[in-house]
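Below: the structure, in structure tokens.
The values are calculated or read from the model by the stated rules, or taken from the named source; none is laboratory data. Keep in mind that this is a model prediction, so the values were computed, not measured. Cβ: placed from backbone, ideal geometry, glycine included. Neighbour counts: every protein chain shown.
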Amino acid sequence: MVDKIPRHVAIVMDGNGRWAQKRGLPRMAGHRAGLSAARIAIEECAALNIQYLTLYAFSTENWQRPRAEVEYLMSLPEEFWRKERKFFEERELRLNFLGDMSGLPETTRRVLLEAMSSTEERTKLTVNLAMNYGGRAEILRAAKLYALRFPDGSGDEDAFARGLYTADMPDPDLLIRSGGEKRLSNFLLWQCAYTEIVFSDTYWPDFGARQFRDAVAEFQKRHRRHGGLLDRGAGRD
Ligand code: IPE
Ligand code: IPE
Ligand code: MG
């Protein structure tokens, strides 16, 4: 099934700090360089007609980092949008947000809301920015919504999933983690039940088109059975 294209790719963009440290640069330089890698991943997804790309940019646990680093990370959506809004316009891309926006600084929130509302009509590729995102927090939120809607517990898994940030989106077919660690770090815990995972040792700022294509090629070689015996193929039909 070598021609299967994932509908939804999710990426844990890890390794920015180590990339910078290796070069004797401050960690922030790694985060900044990571923006260009995100742009490349978006271009690759658009070129392959992938419908959803979810980028893990800041976890609910990342608040534990030094204040200056947190502040810098919170300023990146603004920088990203200043640089890339034209590109999003040209390619008809949509920017969406996953996470608890109420916990973000006012300026970050404003820029994201503006980016979301100005692109919401677009359908080609949706880029989900996961920020102040935690899989457990998301599941807890969905559980509360479910309990309100189905006090008798009669809802099914699809009904539960409508309370997730990813409501109405397909689950990721492929999850890529750069930076060498082999864990989920609280990312898309519900949605990744049957996701194919590709780990790469490349630090995120060095993760280019070649690494992205290699990850997709690896995905295309996988046999997805979802617990059954039939190979359901790698991506969409
Ligand atoms: C990923 O890079 C970006 C965020 C978590 C915000 P890191 O900052 O975690 O980089 P390493 O893992 O320390 O190299
Ligand atoms: C995961 O990376 C979060 C993001 C990439 C935003 P971390 O660097 O925070 O994960 P751990 O701490 O290595 O698990
Ligand atoms: Mg890390």
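Quick look at the numbers
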{"read-out": "Residue 71 without any contact (Cβ under 8 Å) to a residue 60 or more places away in the chain, farther than 25 Å from residue 184 by Cα and not polar (S, T, N, Q)", "value": "no"}
{"read-out": "In segment 12-33, the residues that are near ligand 3 (Cβ under 10 Å from one of its atoms) and on the phi > 0 side of the Ramachandran plot", "value": "15"}
{"read-out": "Residue 160, sole failed condition from (1) over 26 Å from residue 76 (Cα atoms); (2) not in a helix (DSSP H, G or I); (3) not hydroxyl-bearing (Ser, Thr, Tyr)", "value": "(2)"}
{"read-out": "Residues that are among the hydrophobic types (A, V, I, L, M, F, W, C) and within 16 Å of ligand 1 (Cβ to nearest atom), drawn from segment 3-22", "value": "10, 11, 12, 13, 19, 20"}
{"read-out": "Residues that are in contact with a His (Cβ under 7 Å, 6 or more places away or on another chain) and surrounded by fewer than 19 Cβ atoms within 10 Å (Cβ to Cβ), drawn from segment 66-78", "value": "72"}
{"read-out": "Qualifying positions in segment 11-36 - within 11 Å of ligand 2 (Cβ to nearest atom) and among the aliphatic types (A, V, I, L, M)", "value": "11, 12, 13"}
{"read-out": "Test result for residue 141, charged (D, E, K, R) and touching a helix residue (DSSP H, G or I) at 6+ places or on another chain (Cβ under 7 Å)", "value": "no"}
{"read-out": "Unmet criterion (only one of (1) crowded, with 16+ Cβ neighbours inside 10 Å; (2) out of contact with any Gly (no Cβ under 9 Å at 6 or more places or on another chain); (3) assigned to a helix (DSSP H, G or I)) for residue 213", "value": "(1)"}
{"read-out": "In segment 79-108, the residues that are part of a helix (DSSP H, G or I), surrounded by fewer than 17 Cβ atoms within 10 Å (Cβ to Cβ) and of a type in the set (Asp, Glu)", "value": "79, 89, 90, 106"}
{"read-out": "Qualifying positions in segment 171-188 - surrounded by 14 or more Cβ atoms within 10 Å (Cβ to Cβ) and either assigned to a loop (DSSP other than H, G, I, E, B) or at positive phi (or both)", "value": "171, 172, 173, 178, 179, 184, 185, 186, 187, 188"}
{"read-out": "Verdict on residue 25 being within 16 Å of ligand 1 (Cβ to nearest atom), without any contact (Cβ under 8 Å) to a residue 40 or more places away in the chain and closer than 22 Å to residue 163 by Cα", "value": "no"}
{"read-out": "Count of segment 1-11 residues which are within 16 Å of ligand 3 (Cβ to nearest atom) and either at pLDDT below 95 or basic (Lys, Arg) (or both)", "value": "0"}
{"read-out": "Filter result (more than 16 Å from ligand 3 (Cβ to nearest atom), out of contact with any helix residue (DSSP H, G or I) (no Cβ under 6 Å at 6 or more places or on another chain) and among the hydrophobic types (A, V, I, L, M, F, W, C)) within segment 189-202", "value": "192, 193, 197"}
